[in-house]
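Notes follow the structure.
Every number in this text was worked out from the coordinates using simple rules, so none of it is lab data. Keep in mind that this is a model prediction, so the values were computed, not measured. As a convention, Cβ positions derive from the backbone with ideal geometry for all residues, glycine included, and neighbour counts pool all protein chains shown.
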Amino acid sequence: MCILMRLNVVIKPPSEVDTGRDTPSRMLSRLTAAVTSLEDAGVTAVVLAPAEPDSVATFEPLTLAGALARATSTIGLIAADSALFGHPYNTARRLATLDHLTSGRSGWLVVPAADPAAEARYGLVVGDASARIARATEFAEVVRALWECWEPGAEVPDKTKGDYQDDTRVHPIEHRSTHYTVRGPLDVPRCPQGKPVVVQAVQAPDELPLACRFAEVVVPWCISESDFAEAVARVRSEAVQAGRDPAELVVLPAVGVLAGLDGFAVGAGADMPQRLGELVRHSSADGVTLVGDGTLDWVERLTDEVLPELRGLLTPLRPGATLADNLGLSRAAELDRSAA
């Protein structure tokens, strides 16, 4: 039985591995060509991951996503941004801007990880694991609240009157808690898809509750092929504990391709579509996330050697649809609070 699935591909910003050969403009051209090839192959979204700790990356993920927006039209662009360093207001406005640039194809890869080098650069000591998750949780709460400041219909581009928003449909926030004090509203109009899609990879057990509370797409890391179904079940179970309908979450477990990872990997070959299809069918996953070393060479090999084998498995992208639509996300109807 044929099964259609969603497929995300993780790409890391070009680093010193690539910069020894190419100029930044040449790397951007290669990366743009690779992403348009992924789009042509029917890939649901690319995930622009953060650089490895202590590495030197040429492009910052969110800015890179903005550059790729001009060359693409259907593929989702999910950009990594820290939920520990920086400020939630800046994160919310930059991601909202990306959603406008992509006409509703943006996503936020929440990064709740810390390392000593990042702490030194930002002058912030995050603390132990519980403190890290607590800070990331508050960060995500503020970002979500800022995106929800603008109701549907709040933007009123009336050039004659010079009135550009319906103040009764814009709701400032007053957030004051342990780590942040933020007074809204957001100074970017409502996103084309309401809010960017929130994505989180789960690499440690303490990150799962955070993902199941805020994320719409969860990417569990599996230690083996036999762990694939159990990883999906853990996500669905934790969603129930967080008070959410587990069907609301799109679960796309990480699968290694063409390069070794800490988790399990599948190699390119004639049996690859069947293996991936069986994994998805027997686990209630919504698809997979393909991961490798993330270099430009890896992405180019992926488009040449792997994606042709998977074409018949991928859920078709709908032209003009948002990333949330193409992921099959069922978002609750939003209330008109001004009529309350």
**Prompt:** Angle between the Cα long axis of helix 24-40 and the longest principal axis of the chain, 0 to 90 degrees, nearest 10?
**Reply:** 80
**Message:** Given R₀ = 30 Å, what would the calculated FRET efficiency be for residue 23 paired with residue 54, taking r from the Cβ atoms and rounding to 0.05?
**Reply:** 0.85
**Request:** Just check the chain against the gyration tensor rule for me: Cα atoms, a ≥ b ≥ c as the square roots of the eigenvalues, rounded for a/c under 1.5, and otherwise prolate or oblate depending on whether a/b exceeds b/c.
**Result:** rounded
**Prompt:** In a GNM of the chain with a 10 Å cut-off on Cα contacts, which of 194, 42, 312 has the highest mean-square fluctuation?
**Reply:** 312
**Request:** Using a 10 angstrom cutoff on alpha carbons, build the Gaussian network for the chain and name the most mobile of 243, 184, 287.
**Result:** 243
**Prompt:** Based on the Cβ-Cβ distance of residue 161 and residue 87, what FRET efficiency does E = 1/(1 + (r/R0)^6) give at R0 = 35 Å, to the nearest 0.05?
**Reply:** 0.55
**Request:** Would you mind ranking 156, 219 by Cβ crowding within 10 Å, fewest neighbours first?
**Result:** 156, 219
**Request:** Enumerate the calculated ³J(HN,Hα) couplings along region 277-289 in order (Karplus 6.51 cos²θ - 1.76 cosθ + 1.60, θ = phi - 60°), each rounded to whole Hz, writing x wherever the residue is Gly or Pro.
**Result:** x, 5, 4, 5, 5, 8, 10, 6, 5, 9, x, 9, 10
**Prompt:** When 250, 291, 257 are ordered from fewest to most other Cβ atoms inside 10 Å of their Cβ, what list results?
**Reply:** 257, 250, 291
**Request:** Have a look at the DSSP beta bridges in region 33-177 and tell me what percent are antiparallel, nearest 5.
**Result:** 25
**Prompt:** According to the square roots a ≥ b ≥ c of the eigenvalues of the Cα gyration tensor, what is the shape class of region 60-175, taking rounded for a/c under 1.5, prolate for a/b larger than b/c otherwise, and oblate for the remainder?
**Reply:** oblate
**Prompt:** If we count trypsin sites (Lys or Arg not before Pro) as exposed when they sit in a DSSP loop and have at most 10 other beta carbons within 10 Å, what is the longest stretch of the chain that avoids them all?
**Reply:** 162-340
**Asked** Which of 44, 160, 74 comes first, and how do the rest follow, when ranked by fewest Cβ neighbours within 10 Å?
**Response** 160, 74, 44
**Fill in**
Percent antiparallel among DSSP beta bridges confined to region 171-304, rounded to 5, stands at 25
**Request:** Quick one: which residues, 5 or more positions from residue 48 or on another chain, have an amide H under 5 Å from its amide H? H modelled 1.01 Å from N in the peptide plane, none for Pro or chain starts.
**Result:** 11, 78, 79, 80
**Asked** Once the piece of chain linking residue 233 and residue 275 is laid out straight, how much longer is it, given 0.36 nm per residue of separation minus the C-alpha distance between them?
**Response** 13.2 nm
**Asked** Given H placed on each backbone N at 1.01 Å, which residues far from residue 71 in sequence or on other chains put an amide H within less than 5 Å of it?
**Response** none
**Asked** How many nm is it between the label spots at residue 244 and residue 178, if each spot is 7 Å from the Cα in line with the beta carbon?
**Response** 2.0
**Request:** Counting only DSSP beta bridges with both residues in the chain, tell me the antiparallel percent, nearest 5.
**Result:** 20
